[in-house]
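What follows is one structure encoded as structure tokens, with my remarks underneath.
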Number of protein chains: 2
Amino acid sequence: MPTTLPAGEYRDRLAVVRDRLAASDADAAVYFGATSIEYLTGFHHIQTERPVCLAVSPDRVELTVPRLEVERVRGNPRIDAVHDYFDYPGGDPLETVAGVLDELGVDSVLADADGAPGAMGYDGPALSEFVDVETQSWVAEMREAKSDAEVALIRESARWANLAHRYLAAHTEPGAHPVTVSQRASMEGSRAMLDALGDEYAVRTRGDGPVHAGYISGEETALPHGHTPNERLSVGDVLITGATANVDGYYSELERTMFVGEAGDEDEHYFELMCEAQQLAIDAMGPGVPVSHVDQVVWDYFAEQGVTDLARHHVGHNIGMDGHEPPYVDRGWGAHAAGDDTEMAPDRDAVMEPGHVYTIEPGIYTADAGYRHSDTIAITEDGVDWLTYYPRDLEGNVIR
Amino acid sequence: MPTTLPAGEYRDRLAVVRDRLAASDADAAVYFGATSIEYLTGFHHIQTERPVCLAVSPDRVELTVPRLEVERVRGNPRIDAVHDYFDYPGGDPLETVAGVLDELGVDSVLADADGAPGAMGYDGPALSEFVDVETQSWVAEMREAKSDAEVALIRESARWANLAHRYLAAHTEPGAHPVTVSQRASMEGSRAMLDALGDEYAVRTRGDGPVHAGYISGEETALPHGHTPNERLSVGDVLITGATANVDGYYSELERTMFVGEAGDEDEHYFELMCEAQQLAIDAMGPGVPVSHVDQVVWDYFAEQGVTDLARHHVGHNIGMDGHEPPYVDRGWGAHAAGDDTEMAPDRDAVMEPGHVYTIEPGIYTADAGYRHSDTIAITEDGVDWLTYYPRDLEGNVIR
């Protein structure tokens with residue numbers, strides 16, 4: 001299974017941008033977003049107050065970076081030239097970008113934004129002070145349907161998430177510290193991935209590992225975005241876990257509801273109900289299926305079971321280079337695809353397509369505990385493909 | 001030393017916002033930024049595609065959240081009412097916000113942005129479709145000078161960073177895996193902090209620990225934002241470390257250049273040069289000193305030593321709730337304070353003030369290795385206060 005993105009992917013992506021550019025009146029496509037720049041070139045960086053700007057013209061790919069990134073760009077075969085300003089704010093990054101565009105003979109651009117994002121206190125001029133700017137979201141759209149190579153990286157991520165999740169379960173016992181079990185599983189999962197992949201591992205971390213596994217526990221599970229408390233595990237605790245691995249910039253998502261000791265009757269009831277909702281959602285998925293339909297199937301089941309008041313969120317979202325990506329599995333989106341003309345929600349991508357990769361994670365939350373699995377499911381030409389595969393049943397999730 | 005922010009801080013912050021609001025023609029101040037909302041109310045959340053919006057009127061503080069956050073808001077004594085939409089995009093979050101403002105009798109607002117940020121694919125309407133909006137950056141300005149209570153939290157962060165950095169050094173030896181040493185030091189540092197603080201620990205993490213320590217190693221240190229390679233440590237490797245801890249949402253920054261085995265002559269030369277540059281910078285700091293002056297002192301020293309071509313970035317930045325915050329220690333900022341009228345860089349906050357907390361981290365980068373310490377230094381009424389305190393000298397940073 002490949003663990004780095006093939007070079008041809010970048011070539012194909014740049015070709016799509018150039019096709020769209022050719023169909024427009026603009027001279028270049030411009031990107032300030034770190035993820036978009038990585039998607040098109042493979043150059044990845046931490047988005048800080050220092051702007052980075054990619055310009056794609058019909059025949060050139062040129063990148064403007066702060067001085068500290070120059071050496072990380074050199075040798076990238078997709079980038080024809082790198083330009084730099086020393087630092088922000090003294091270095092006048094947007095002036096530098098304007099100079100690069102001028103040298104390229106560019107008067108008008110289609111950009112992902114009219115200037116750099118206001119990350120970490122950045123506050124600079126609009127690009128439209130220098131050239132004509134219209135905005136586009138081509139890369140955001142391109143990223144929604146993953147190629148086979150991208151799905152393969154997410155599948156590889158799921159493999160290491162699965163291993164780390166095994167470590168998580170193995171180290172869980174009454175009296176254990178949930179933070180420490182989480183960190184230990186992450187450390188051991190990372191070690192295994194690094195040793196197994198060796199030189200095939202795409203180096204991605206800074207003082208941390210590529211694999212993360214962990215959980216929230218006890219009453220905190222009643223909150224979908226609860227925290228890991230500073231208290232030891234006890235028999236009767238519910239856990240909601242999460243595990244993922246960074247494989248050349250791509251992520252999967254594996255979450256399980258687990259029990260420290262035997263599950264009580266109420267725990268078992270809500271666990272089985274949640275599992276059934278998740279299965280119904282996945283059974284409903286496939287190419288051409290509106291995302292709203294999948295969310296509605298779960299809602300209808302919750303209504304039938306009388307638990308809609310215990311639902312806190314929609315069924316899931318896409319995943320890839322970001323942990324959450326559109327389209328979301330949400331009843332509100334499909335309404336627009338079906339012709340509803342309200343203006344609040346975007347109406348594109350309301351239908352599942354081959355290459356979409358969804359987390360499917362309907363949840364039930366009582367006052368005392370939460371119940372949620374999350375699996376990562378790819379849409380194929382004729383159905384779905386489970387990328388995560390940790391046991392979902394009660395027996396596989398009780399820690400004795 | 002306190003480990004949570006005193007409640008009075010939130011009261012004081014909201015009072016500042018209300019004073020500014022009273023001096024304006026607007027009916028309410030509005031915030032979409034997660035950090036600003038946390039700063040004013042203590043409610044912290046992960047910024048996702050689901051907008052969260054805080055409205056502060058002369059007599060009410062009301063928060064709009066997705067359904068999944070409702071229970072995390074209840075009981076917050078600063079928040080008078082919580083409103084929710086079910087989820088995005090179906091829930092129409094901005095419509096919900098508009099309804100809340102309407103109920104409050106608000107027609108015009110001063111907001112941190114004209115709508116929610118485009119995080120994780122969010123794409124919604126401008127707030128100005130519903131009410132009159134002018135933008136303000138009051139909280140960003142308020143956050144620059146920290147209160148004594150905030151500095152105390154950053155100091156507490158430095159304590160646990162120091163401990164984790166000790167673990168990092170203790171586990172470093174030829175043949176060790178840099179990723180694993182990093183993760184082990186983070187795990188042990190987190191465990192120590194959690195056990196030492198007990199119920200005084202402000203719960204902040206989800207499946208991870210509050211302390212992070214780690215390093216990049218070998219040739220990757222030649223890159224200021226280099227990575228941790230998947231190769232074992234060897235005698236002769238340079239390390240650039242980093243350590244921090246999350247103390248109720250505040251961070252410090254501790255970085256050291258270390259050597260696996262004895263430092264070579266070139267290593268020692270650049271190490272001492274970097275240390276001297278850092279000392280010169282810190283000696284130059286104090287209330288009323290332009291940030292540009294401190295950056296210039298280092299640049300002049302580098303020029304005198306003939307190493308400006310080995311510099312890759314300015315001297316440092318502020319730190320607090322974010323890892324990087326303005327003002328930055330950059331020569332470009334002071335020029336504007338001194339009357340330079342170029343329009344590229346903002347000219348406010350070009351002078352160090354009591355309560356500013358700076359990372360001071362001049363670096364030198366050869367083709368083979370990098371040399372950079374970072375210390376976290378608070379500006380006081382009459383000088384500076386070192387919040388980080390790990391040994392800086394060569395002897396203290398050689399691993400034998």
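Between A:Ala149 and A:Ala196, what FRET efficiency follows from the Cβ-Cβ distance if R0 is 22 Å, with the result rounded to 0.05?
That gives a FRET efficiency of 0.65.
Once the Cβ-Cβ distance between A:Glu266 and B:Asp59 is put in as r, and R0 is 35 Å, what FRET efficiency do you end up with, to the nearest 0.05?
Numbers: r = 42 Å, r/R0 = 1.21.
That gives a FRET efficiency of 0.25.
Using Stokes-Einstein with the Kirkwood hydrodynamic radius over Cα pairs, what translational diffusion coefficient do you get for segment B:30-76 at 37 °C and a viscosity of 0.692 mPa s, in µm²/s rounded to a whole number?
Values: Rh = 10.8 Å.
Estimated diffusion coefficient is 303 µm²/s.
Any idea how far apart B:Arg232 and B:Thr308 come out in nm if each label point goes 7 Å out from Cα toward Cβ?
4.5
Please report Rg (one decimal) and Dmax (integer) in Å for the Cα set of segment B:126-258.
Radius of gyration, then largest Cα-Cα span, for segment B:126-258: 18.9, 64 Å.
What does the highest-first list of B:61-68, A:311-318, B:21-28, B:171-178 look like by mean Cβ count within 10 Å? Don't skip to the end; give the middle numbers.
Numbers: B:61-68: 23.0, A:311-318: 26.6, B:21-28: 15.9, B:171-178: 17.6.
Ranked from most to least packed, the peptides come out as A:311-318, B:61-68, B:171-178, B:21-28.
Given an 8 Å cut-off on Cα distances and at least 6 residues of separation, report the relative contact order of segment B:174-265 as a percent.
Values: 162 pairs, mean separation 27.8, N = 92.
The value is 30 percent.
Per 5 Å bin, what is the whole-percent P(r) computed from every C-alpha pair distance within segment B:346-400?
Distribution as computed: 4, 15, 18, 20, 17, 11, 9, 4, 1, 0 percent.
Please report, largest first and rounded to whole Å, the three semi-axes of the ellipsoid equivalent to chain B, where each semi-axis is the square root of five times an eigenvalue of the C-alpha gyration tensor.
Semi-axis lengths for chain B are 41, 25, 19 Å.
Could you work out the percent of alpha carbon pairs in segment A:45-159 separated by over 21 Å, rounded to a whole number?
Details: 2974 of 6555 pairs.
Here the long-distance tail beyond 21 Å is 45 percent of all Cα pairs in segment A:45-159.
At 37 °C and 0.692 mPa s, grab the translational diffusion coefficient of segment B:98-170 from Stokes-Einstein with a Kirkwood Rh over Cα pairs, rounded to a whole number in µm² per second. Let's see the in-between values first.
Details: Rh = 16.2 Å.
Answer, rounded: 203 µm²/s.
Return, ordered by residue number, the residues of segment A:174-204 whose backbone nitrogen is under 20 Å from a label point located 7 Å along Cα→Cβ of A:Met1.
Counting backbone N atoms under 20 Å from the label point, the list is A:185-204.
With a Förster radius of 35 Å, plug the Cβ-Cβ distance of B:Ala119 and B:Ala15 into 1/(1 + (r/R0)^6) and report the FRET value to the nearest 0.05. List each step's numbers first, then the result.
Numbers: r = 29 Å, r/R0 = 0.84.
E(calc), rounded to 0.05, equals 0.75.
Please tell me the relative contact order of chain A in percent, rounded to the nearest whole number, where contacts are Cα pairs under 8 Å and at least six residues apart. Working shown, then result.
Values: 864 pairs, mean separation 57.2, N = 400.
Computed value for chain A: 14 percent relative contact order.
Label-to-label distances across copies for B:Glu103, with labels 7 Å out along Cα→Cβ, in nm, shortest first?
5.7
At 25 °C and 0.890 mPa s, what whole-number value in µm²/s does Stokes-Einstein give for the translational diffusion of segment A:168-230, with Rh from the Kirkwood sum over Cα pairs? Please report the intermediate quantities before stating the final value.
Values: Rh = 13.1 Å.
Approximately 188 µm²/s, per Stokes-Einstein.
Percent relative contact order of segment B:205-313, based on C-alpha pairs within less than 8 angstrom and at least six residues apart? Before the final figure, lay out the partial values.
Working: 115 pairs, mean separation 19.8, N = 109.
Relative contact order, segment B:205-313: 18 percent.
Hull surface divided by four, with the convex hull built on the Cα atoms of the protein assembly as shown: how many nm²?
Details: hull surface 128.0 nm².
Projected over every direction and averaged, the Cα hull of the protein assembly as shown covers 32.0 nm².
What length, rounded to one decimal in nm, is gained on full extension from A:Arg74 through to A:Glu129, with 0.36 nm per residue of separation minus their alpha-carbon distance? All intermediate terms of the calculation are to be shown ahead of the outcome.
Values: separation 55, 0.36 × 55 = 19.80 nm, distance 2.95 nm.
My answer for the length gained is 16.9 nm.
Please give the average number of partner chain Cβ atoms lying within 10 Å of the Cβ of each residue in A:81-91, rounded to a whole number. Walk me through the intermediate numbers first.
Details: counts 0, 0, 0, 1, 2, 8, 11, 10, 15, 13, 7.
Average per residue, whole number: 6.
P(r) for segment B:13-96, please, calculated from all Cα pair distances in 10 Å bins and given in %.
With 10 Å bins starting at 0, P(r) equals 18, 53, 26, 4.
Rule-based calculations on the coordinates, nothing more; no lab input. As the structure is a prediction and not an experimental result, all values here were calculated from the model. Virtual Cβ from ideal backbone geometry, glycine too; neighbours counted across all protein chains shown.
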